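Before any comments, here is the structure.
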Amino acid sequence: MTNWDWLGLPAVASTHGGQIDSMIGWVHVFMLILFVGWGGFFIYCLIRFRRSRNPVANYTGVKSHASNYSEIGVAVVEAILLFGFAIPLWAARVDVMPAESEALLVQVTGEQFAWNMHYAGPDRVFGRTDIQLLDLQSNPLGLDRADPAAKDDVTTVNQLYLPANRPVIVRLRSKDVIHSFGVPEFRVKQDAIPGLTIPIWFVPTITTAEMRTQTGNAEFQYEIACAQLCGLGHYRMRGFVTVQTAEEFQQWMEAEVATQGAAEADPFR
Ligand SMILES: [Cu+2]
């Protein structure tokens, strides 16, 4: 693959990121060709139709059909690009989901102005949620801890923990308005639409610790930036992703299952 470093994009930290960069790079190259072509045509027109050569306006205009044919040609090429390349390539990226048995499934629910993460826990079954139980401070997802499937569920606010080198399926939802889940290093960006559950998937490849060494920035954090203007607090709708090794992630998950489960068993402790 060609080197696209000149685009100045953030480091890639997912398996499909290189393909996205390649697409962005080629779009830039095609736009450059168009820019040079149209710029050249503009300069040609300035000279060809200059006033000293055309003192009187021409009221008939162009008689040949060359421009019609070239316009049809452009439309055909664009249709080929769209139906032959763009749609099939995008479908291959988003339609074929990794097997749920191998992937880590996380439900991410956007709200004004936070990201709520919900893991199913070791039983891999998401607990029941009920709008009656919803409390913005203590239970933003309305999770019913009385449901056996919910006992080992883990929820966090604005903190997404992921293992490296394992497919992650994020089920994206929204409670109120349209938000957008964007993590630049993963080359992932998807709108969260109220009423819809939209699955997206990616494979993180570089842990946060590795990224800190690689970038020389000891404070490096993967950030979830809400990429849709979603209200007055949009600017502070930031989440953080911590990518860990499989073992570290397992330990984190076990510790969370233990503390969150215990806190629910005795809410007054
Ligand atoms: Cu938002």
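Treating only the Cα positions of the chain as identical point scatterers, give the base-10 log of I(q)/I(0) from the Debye formula at each q in 0.13 Å⁻¹.
Result of the Debye calculation: -0.95.
Normalised by the number of residues in the chain, what is the relative contact order in percent for Cα pairs under 8 Å and 6+ residues apart?
Answer for the chain is 20 percent.
Pull out a ≥ b ≥ c, the square roots of the eigenvalues of the alpha-carbon gyration tensor of the range 120-269, then state rounded if a/c is under 1.5, prolate if not and a/b is larger than b/c, and oblate in the remaining case.
Verdict is oblate for the range 120-269.
What do you get for the angle between helix 66-79 and the principal long axis of the chain? Use alpha-carbon atoms, 0 to 90 degrees, nearest ten.
20 degrees
Please give the net charge around Y44, taking every other residue with its beta carbon less than 14 angstrom from that of Y44, where Lys and Arg add +1 and Asp and Glu add -1.
Net charge around Y44: +3.
So if we plug the beta-carbon distance of R93 and A225 into 1/(1 + (r/R0)^6) with R0 = 25 Å, what FRET efficiency do we get, rounded to 0.05?
Efficiency computed from Cβ-Cβ geometry: 0.75.
What order, most packed first, do the peptides 70-76, 107-113 have when packing is the mean number of other Cβ atoms within 10 Å of each residue?
Order by mean packing, descending: 107-113, 70-76.
Whenever you get a sec, compute what percent of the accessible area on the chain sits on carbon and sulfur atoms (1.4 Å probe).
62 percent
Find the centroid of the Cα atoms in the range 97-149 and in the range 21-45, then give the distance between the two in whole Å.
46 Å
What is the set of long-range amide H partners of I224 at a cut-off below 5 Å, with H atoms built 1.01 Å from backbone N?
Amide H neighbours of I224: G239, F240, V241.
For T245 and S64 in the same chain, what is the full-extension length gain: residue separation times 0.36 nm, less their Cα-Cα distance, in nm?
Computed gain between T245 and S64 is 58.5 nm.
Limiting things to C-alpha atoms, what are the Rg and the maximum Cα-Cα separation (Dmax) for the range 67-197, in angstroms?
Rg and Dmax of the range 67-197, Cα atoms, are 19.8, 71 Å.
Would you grab the residues whose amide H sits under 5 Å from the one on A192? Only those 5+ places off in sequence or on another chain, please, with H modelled 1.01 Å from N.
Amide H neighbours of A192, under 5 Å, 5+ apart: H179, S180, F181.
For the chain, what is the accessible area per residue in Å², given a 1.4 Å probe and the full set of protein chains?
That works out to 62 Å² for each residue.
Based on DSSP, what percent of beta bridges with both residues in the range 34-171 are antiparallel, to the nearest 5?
Taking every DSSP beta bridge within the range 34-171, about 75 percent pair in antiparallel fashion.
Give me the angle, in degrees from 0 to 90, between the Cα long axis of helix 246-265 and the longest principal axis of the Cα atoms of the chain, rounded to the nearest 10.
50 degrees
Per residue of the range 42-53, what does 6.51 cos²θ - 1.76 cosθ + 1.60 with θ = phi - 60° give for ³J(HN,Hα)? Whole Hz please, x for Gly and Pro, Karplus curve as stated.
Working through the residues one at a time gives 4, 5, 4, 5, 4, 7, 4, 10, 5, 5, 5, 8 Hz.
Using only helices, what value at 222 nm comes out for the chain when you add -39,500 (n - 2.57) per DSSP H run of length 4 or more and divide by the total residues, to the nearest 500 deg cm²/dmol?
Taken over the chain, the calculation gives -10000 deg cm²/dmol.
Antiparallel versus total DSSP beta bridges in the chain: what percent is that, nearest 5?
If we restrict to bridges inside the chain, about 70 percent are antiparallel.
Which whole-number value in Å³ per residue fits the convex hull of the alpha carbons of the range 8-83?
Enclosed volume per residue, from the Cα hull, is 116 Å³.
Output the peptides 174-186, 54-66, 20-32 sorted from most to least packed, where packing is the average of other Cβ atoms within 10 Å over each peptide's residues.
Per-residue Cβ counts within 10 Å, averaged per peptide and sorted highest first, yield 174-186, 20-32, 54-66.
The values are calculated or read from the model by the stated rules, or taken from the named source; none is laboratory data. Note that the structure is a prediction, hence the values are computed from the model and not measured. Cβ atoms come from the backbone with ideal geometry, glycine included; neighbour counts cover every protein chain shown. Quick note on the areas: whole protein, heavy atoms, side chains included, nothing else; ligands and nucleic acids left out. Shrake-Rupley method; radii C 1.70, N 1.55, O 1.52, S 1.80 Å.
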